[in-house]
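**Student:** Just passing along the structure, written as structure tokens.
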Amino acid sequence: MTPDALAAAGLQVTSDGPVTTVTLDRPEVRNAQTPAMWRALAAVGAGLGDETRVVVVRGSGASFSAGLDRTLMSPGTAPAGVESVADLFARSDDEMAATIDDYQRGFTWLRDPRWVSVAQVHGHAVGAGFQLALACDLRVVADDASFCMKEAALGLVPDLTGTKPLVECVGPMRALEICATARPVGAAEAVEIGLALASVPVDALPGAVADLVAALTAPLPGAVREITALLRGAAGRSDDEQRRLEREAQVRRFREVAAVLGG
């Protein structure tokens, strides 16, 4: 997508060598998300190549993301000509599910093992904002960060791929409590329960993420990609299957390292 098309969807995307930074850029509405933004995010992911090793997702202004733009929830408030969540109400069940699948693709690419994705979270991460942070492999948060899965309070469920990573981070019991009560989770608790990697003062957040990115890009890219793939699926595999995948990955690593050392 062109920079102008991304800007129209509320995004900025920059690349610096192996690092791609995706910025939600609607600060006037606390980076509230829209279907157009989800489709643009999917296009960003589809356009990345193997040269990308780390993707950083962040928000401009005072918050990471306040979630869905609520003006797009009702036919009476959605601007004319703008794709709206309210459009789903007039569709069949199959059409509705297919459209949600399209929206989910704006999140799932962040779990591609070709790169490690890092959410740089400050301020509010609500609903879709919480799920966007959960779509990333790692979360580093400012001490003012507040996560909230707001969907239950609206009579809905989280449907932007956030439920599985939330359970993987905090376990099914805590995940149920967080989702069903729609209560906020602060930065300190997020670190304590395994939702975030670290919490730092707001002004130290960019530096903390930059240090993490530097550490992630230091090893050979193949090693980090293999590790990411091994760990992401480990919980659902048998011991024998995981051992087999470790062996196969290590053979590939030995071959590449030998080639590098041999010149």
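**Student:** With +1 assigned to the C-beta of every Lys and Arg and -1 to the C-beta of every Asp and Glu, and no other charges, what is the dipole magnitude of the range 78-229 about the Cα centre in debye, to the nearest 20?
**Tutor:** 240
**Student:** Any chance you could give the angle, 0 to 90 degrees and rounded to 10, that helix 239-261 forms with the longest Cα principal axis of the chain?
**Tutor:** The two axes meet at around 60 degrees.
**Student:** Using a simple spin-label model with points 7 Å from Cα along the Cα→Cβ vector, what separation in nm is obtained for S74 and D16?
**Tutor:** Going by the 7 Å Cα→Cβ label model, 4.3 nm.
**Student:** Using 0.36 nm per residue of separation minus the Cα-Cα distance, give me the extension gain between A258 and A198 in nm, one decimal.
**Tutor:** 18.0 nm
**Student:** Additional query: Put +1 on the Cβ of every Lys and Arg and -1 on every Asp and Glu Cβ in the range 221-261; which of G236, V260, Q250 then has its Cα farthest towards the positive end of the dipole?
**Tutor:** V260
**Student:** How much length would be gained if the chain were fully extended between A223 and S60, taking 0.36 nm per residue of separation minus their Cα-Cα distance, in nm to one decimal?
**Tutor:** Gain in length upon complete extension: 55.5 nm.
**Student:** Could I ask something else about it? Given an 8 Å cut-off on Cα distances and at least 6 residues of separation, report the relative contact order of the chain as a percent.
**Tutor:** Result for the chain is 15 percent.
**Student:** Between M96 and R244, what FRET efficiency comes out of the Förster formula 1/(1 + (r/R0)^6) with R0 = 35 Å and r the beta carbon distance, rounded to 0.05?
**Tutor:** It comes out at approximately 0.30.
**Student:** Give the peptides 62-73, 146-157 in descending order of average Cβ contacts within 10 Å, highest first.
**Tutor:** 62-73, 146-157
**Student:** Then there is this: What residues qualify as long-range amide H neighbours of L11, i.e. H under 5 Å apart, gap of 5 or more or another chain, H built at 1.01 Å from N?
**Tutor:** HN-HN under 5 Å from L11: D25.
**Student:** Shifting gears a bit: Where does each of 236-249, 34-47, 10-23 land if you order them by average Cβ count within 10 Å, highest first?
**Tutor:** Final packing ranking: 34-47, 10-23, 236-249.
Quick note: the coordinates plus some simple rules give every number you see, no bench work behind them. Just so we're clear, the structure is a prediction, and the values are computed from it rather than from any experiment. Ideal geometry is used to build each Cβ from the backbone, glycine not excepted, and the neighbour counts take in all protein chains shown.
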